Structures are given as C-alpha cells and as structure tokens.
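Chemist: My structure is below; once you've seen it, I'll send some questions.
The values are calculated or read from the model by the stated rules, or taken from the named source; none is laboratory data. All figures in this text were calculated on a predicted structure; none of them were measured in a lab. All Cβ positions, glycine included, derive from the backbone under ideal geometry; neighbour counts span all protein chains shown. Ligands, DNA and RNA are stripped out before the accessible areas are found, and what is left, the full protein with its side chains, is counted by its heavy atoms. Shrake-Rupley method; radii C 1.70, N 1.55, O 1.52, S 1.80 Å.
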2 protein chains.
Amino acid sequence: MNLPKQVQIKEVGPRDGLQNEKQLIHTEDKINWINQLSESGLSYIEITSFVHPKWIPQLKDAVEVAKSIKRKEGVTYGALVPNMKGLERALEADVDEVSIFMSASESHNQNNINKSISDTYPVLREVVDEAKQAGKSVRGYVSTVFGCPYDGAVDENQVIDVCHNLFDMGIDELSLGDTIGVANPVQVNQVLTKMEAHFSKEQLALHFHDTRGMALANTLIALQLGYHTFDSSLGGLGGCPYAKGASGNVATDDLVHMLQEMGIEQSIDLNKLLEAGHFIESSLGQPLPSKQMGISRKA
Amino acid sequence: MNLPKQVQIKEVGPRDGLQNEKQLIHTEDKINWINQLSESGLSYIEITSFVHPKWIPQLKDAVEVAKSIKRKEGVTYGALVPNMKGLERALEADVDEVSIFMSASESHNQNNINKSISDTYPVLREVVDEAKQAGKSVRGYVSTVFGCPYDGAVDENQVIDVCHNLFDMGIDELSLGDTIGVANPVQVNQVLTKMEAHFSKEQLALHFHDTRGMALANTLIALQLGYHTFDSSLGGLGGCPYAKGASGNVATDDLVHMLQEMGIEQSIDLNKLLEAGHFIESSLGQPLPSKQMGISRKA
C-alpha cells in the first residue's frame, strides 16, 4: 500500500462541531476545552466562526473565545469569516488564519449564504485581499463537493471551477467538504484523481462527514492517493444538520486511532485528546458518538 | 480502482447478533424476522447456533426456529455447530449448511471452546465428516484472525496454519473473523495478501466487526484485493462482548448502502432490509446502532 508517512489533522470541533449543537456551551468551557485541545498535540484548531450571531448564536462569543484562549506555540488557530464584517472581528481577535467558505452547488450556496455562486466571488475576494494585507493566511472551504442536499449530484467540473476561482484569489489551502456525508470511496477516488491535473495535493484538505459511515473508508482512499490533510471533529461533535440525529464530521479520535494503527505519523496524543473529549461531553451533558469516546467511557 | 463486480453478503444477525444481545427475543419474532430477511434478497442467512443452551440461552430455540422458518428458494440457511451433539440437532432441523468455529489464538480458543487448538481439530474433523456424509456443505469460522482479547497480536503464520487444517478437513468456505474489531486497513492488506499464496479468494469470506469504526475501511481494502464475500449483521445487532456498549458486526445495511453507492452489485433490497431492521428493533425494544437504521428512523 502506498500511503503518506505523515498526516496533518485539523480540528474543527470548536467551530463545525459546536455550531451544530443545540446547547449553548459556556464561554469559559469553550476556552478551557480549546486549551486542552492545544495540549493534545493538535497543530491546527479552528476555534470559532465570525458569522453574525443571528445565524449562529452558539458562536456569538467568538471574539472573547479567540482573545481568551492560551495560544500554544506551533498551533495555528483559525476561524471562519463570511464577509468583511466578520473579518474585522477576526482581525480584532487576532486569529492566525481565516477561513472563507462557499458551496460547489448553486442551491446550497444560495441557501447557506444567500447569494449565487458568481455573486459570492467578489465578496470573498475582498476578504482574502484584506486578510492577506493583514498578514494572515487564508483557507477556503468548498461545501457540497460530493453531493448537495438540494441539487443532488454535483458536477466535478463545477467543483474544479469553484476551486480555481478560490485559488486565483490567493488562498493558501482549500478544504473539500462532503457536507452531507454522501461521498463513497469510488466517487472520492474519481473526484480526487480528476483534481490531480489541476491542483497540488499540498494545498488540498479533505473534510469528510460520517453520516453514512463511510468517512474512514473515504479517508483511506484519499490516503492511498497521497492526500495528507484531513479535517475532523473530536468525538464526532456536531451531528448533521440535514439528518437529525445522524453523524456529522468524522471523529478526530477515531481518525487518529486508525492512523496510529496503520503506522501513519501524526502529532496527536490520543489519551489527551480523549480527556478533552470527556470535558466537552460533560459541558454538553451528553455522550459524543465516536467509537473511541465510547470505548474510553466503558473502560 | 480494481473492484469486484459482485459481492455476496452473508447475514449473521440471527446468530452472531442475537447471541450477543441480553434480551431474549420471542421465538415467534425470530421466525418472523428471518422470514423478512429471506424476502429482502439475501442469499445466505445464518439463522441460529446449536451450541448448548447453557452457554447461549438466547438461542435455545434453535431447532424450533430452523424448523419453523419459511425456506425461500435460492437462500442458504446456515447454523453454527460446536460438536457432534450440535450437529445432531442441526441435522434434525435440516439446515442447509453447518458452520464450525475455532480461534487463531490459543487463549481465545481455550476461553471460547475450552480446548487447546490442537485438541479442537479432531472434534471439528468428526463434525465435518459427518456433515459431509449427510450431504451438507460446511463453513469454517476462524476467530481472532487480526487480534485476540487475551493474547494481543496473532501471528499470521498461525492463522494460515489453522486455515490449512480446516480446509484439509474438506470445508467449503472459511470466514476470517476480526472478533474484537481491531483490524486496520494496513493489517488487512498484509494478512490477505499473504493468504493469497495459500488459499483461493473464492473460498474466503471476511467477517469484520466495527468496534473501532474501521469495518468499512477494512472492507474496502478487501474489495480492492478482490475478496467478495462478507459477513454482516443487520443494523449492527449484537454489540461487542469484549467492550460493553461498543459495536459488534459491521451493519449489513451500511455495507449494502456503501456497495450500492460504489456501483458494486449485490442481491439485497435496502428498503426491505431496513423494514426487517425496524421489526427486530421493536422486538428488542431498543434502536439498532447502524447509520442507515438511524437515518431511516429520522426520515
């Protein structure tokens, strides 16, 4: 098997996880949790989103969280920004990296950010320009790469076109999102192989959701193709907004465990990660759905 | 990607699933359930085990179940037998195929069937001879192929040796069990590649457990190597006897769904399968853990 020696995991639980949980978590608990995540060996944590609190009240304390966490050397602290207003707050809070986002499918883009795909580009371009001028690196998210809850199948050429437009703005990395967890290994193989002609693997990350249980199989295919950056959420925090009760992001702990077993290097201490998982579990008042969290609770 | 065109799924829920559930299911419900499974397009159902009821009270009604189900043409109805006494009951109940079982690791074999590996062979040989004389096909299970709850790592040569001994008895197929769900894709690739020099893929099946979430990734590797027979349990029924609350067999419905999405043929109607899942869920009085069952409950 041809596999990368080393993988980087980007923890998105404090943003993608918490924004999909109904409960409001105390700001103090978020700060504590992110500090624990920093100590687990993670090199990248997406700590919050500077989306207007009207849309995501769960993350209305974004500035306070970003300003209050203990920044650990060697860890990049990123945050989502939807527009210039969000960027302003993100710069005020001095995050290391900002993430912009849009969808590969017209209907999801319209539903999620209330604009057509073509009307989204100038908004994002302005954010990227300004962020770059402020010395920040910029990450892009493309949602619904492998399927859309409204449009169904998404044309690979449309995905590639959106990615080109984002890279042309000067972003540093792009994360390909299986937003509703419909990707299957054959499709992942097909899409990623097609993308090889256009983009460097160094600049792409995979963002799988485990809604239908295929996230680790999809990860495996991406690894076999040489991709080595993956987004995940500790414990599978967050669920799926499109299928009530179904899984959202692939669980960081299950991903770390699989990589360890496969002999692939990554920077994370699984025990410390699970401790951080138990902390956020008690804040939430409910168990996280990942296998490793389940096993560690029973142990 | 090099994948088999067609896959056969062997449903082990009525045996491997139910024997690991605490609740006793009414015999009538089991019969009803198996009849529903027969109508879902499955070509193989392991309906029970003729182990002494002292060990597995959940399946004490084995003869009644086997005699009362409606046998559908084209479906093979198998059952587990541990010894000659079990075989006698299985033949009385006229199952189509009997399955013998042992472990690849000494301690698990000792704990599970109270004999050393070498003392197990003559017992199984007698069963195989007698079953063959009665015109039955025989399946073998090897447990703890990828790891043992007592011994830890299991030597691949020991696995191959056990498999040779079973095939030498004249068994028709052998199922390689990841009994405690510890196999990882790199290991599966290594073990199965090594086995290719010894055995035909036509005679091997994979029996993965999803305890650590890697069952579908492991299945994917086996598919890439050309293996095309997989055991699974509807809804993930059964859990794992070694990790309370953790998953047992990979879920038939999640496996069927992945294969469908990958464009690999198999014989099962997912909707009918999920209906059968809802039936056994209400008999159990608790939800089954698979993703597809979860999604279909919320739909």
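Chemist: Just wondering, is there one or more residues in the stretch B:265-284 that are part of a loop (DSSP other than H, G, I, E, B), over 18 Å from the mean Cα position of the chain (by Cα) and closer than 24 Å to A:Gln190 by Cα?
Modeler: No.
Chemist: Restricting the stretch B:38-62 to residues that are in contact with an Asp or Glu (Cβ under 6 Å, 6 or more places away or on another chain) and of a type in the set (A, V, I, L, M), which is surrounded by the fewest Cβ atoms within 10 Å (Cβ to Cβ)?
Modeler: Out of the qualifying residues, it is B:Ile45.
Chemist: For B:Asp16, all conditions in the list (1) open to solvent by less than 30 Å² (accessible area, probe 1.4 Å); (2) free of Cβ contacts under 8 Å to residues at least 40 places away in the same chain; (3) of a type in the set (Asp, Glu) hold save one; what is the number of the exception?
Modeler: Among (1) open to solvent by less than 30 Å² (accessible area, probe 1.4 Å); (2) free of Cβ contacts under 8 Å to residues at least 40 places away in the same chain; (3) of a type in the set (Asp, Glu), the lone unmet condition for B:Asp16 is (2).
Chemist: Test B:Asn165 against the criterion of being of a type outside the set (Asp, Glu), free of Cβ contacts under 8 Å to residues at least 60 places away in the same chain, open to solvent by 50 Å² or more (accessible area, probe 1.4 Å) and not in a loop (DSSP other than H, G, I, E, B), and give yes or no.
Modeler: In short, no.
Chemist: Evaluate the following for B:Glu11: is it within 23 Å of B:Phe101 (Cα to Cα), of a type in the set (Asp, Glu) and modelled with pLDDT under 95?
Modeler: Against the criterion (within 23 Å of B:Phe101 (Cα to Cα), of a type in the set (Asp, Glu) and modelled with pLDDT under 95), B:Glu11 does not qualify.
Chemist: How many residues does the stretch B:52-101 hold that are over 19 Å from the mean Cα position of the chain (by Cα) and of a type in the set (Phe, Trp, Tyr)?
Modeler: Matching residues across the stretch B:52-101 total 0.
Chemist: When you look at A:Gly226, is it of a type outside the set (Phe, Trp, Tyr), at positive phi and open to solvent by 20 Å² or more (accessible area, probe 1.4 Å), yes or no?
Modeler: yes
Chemist: Any chance you could count how many residues in the stretch B:174-188 are open to solvent by 20 Å² or more (accessible area, probe 1.4 Å) and more than 14 Å from every other protein chain (Cβ to nearest Cβ)?
Modeler: Of the residues in that region, 1 qualify.
Chemist: Can you pull out every residue in the stretch A:230-261 that is surrounded by fewer than 21 Cβ atoms within 10 Å (Cβ to Cβ), in a loop (DSSP other than H, G, I, E, B) and either at pLDDT 95 or above or within 9 Å of chain B (Cβ to nearest Cβ) (or both)?
Modeler: Hits for the stretch A:230-261 are A:Ala243, A:Lys244, A:Gly245.
Chemist: Go through (1) within 14 Å of chain A (Cβ to nearest Cβ); (2) within 21 Å of B:Glu106 (Cβ to Cβ); (3) among the β-branched types (Val, Ile, Thr) for B:Val159 and report which single condition fails.
Modeler: Only one criterion in (1) within 14 Å of chain A (Cβ to nearest Cβ); (2) within 21 Å of B:Glu106 (Cβ to Cβ); (3) among the β-branched types (Val, Ile, Thr) is unmet by B:Val159, namely (1).
Chemist: Here's a check for you: in the stretch B:94-115, which residue that is without any contact (Cβ under 8 Å) to a residue 40 or more places away in the chain and on the phi < 0 side of the Ramachandran plot is most open to solvent (accessible area, probe 1.4 Å)?
Modeler: Among residues in the stretch B:94-115 that are without any contact (Cβ under 8 Å) to a residue 40 or more places away in the chain and on the phi < 0 side of the Ramachandran plot, the one most open to solvent (accessible area, probe 1.4 Å) is B:Asn111.
Chemist: In the stretch B:198-223, what residues are crowded, with 20+ Cβ neighbours inside 10 Å, more than 7 Å from every other protein chain (Cβ to nearest Cβ) and among the charged types (D, E, K, R)?
Modeler: Within the stretch B:198-223, just B:Asp210 meets the criteria.
Chemist: In this structure, is B:Val138 at pLDDT 95 or above and closer than 25 Å to B:Gln187 by Cα?
Modeler: When the stated conditions are applied, B:Val138 does not pass them.
Chemist: Restricting to the stretch A:267-299, count the residues that are open to solvent by 40 Å² or more (accessible area, probe 1.4 Å) and either farther than 21 Å from A:Asn35 by Cβ or within 14 Å of chain B (Cβ to nearest Cβ) (or both).
Modeler: Total satisfying the criteria: 7.
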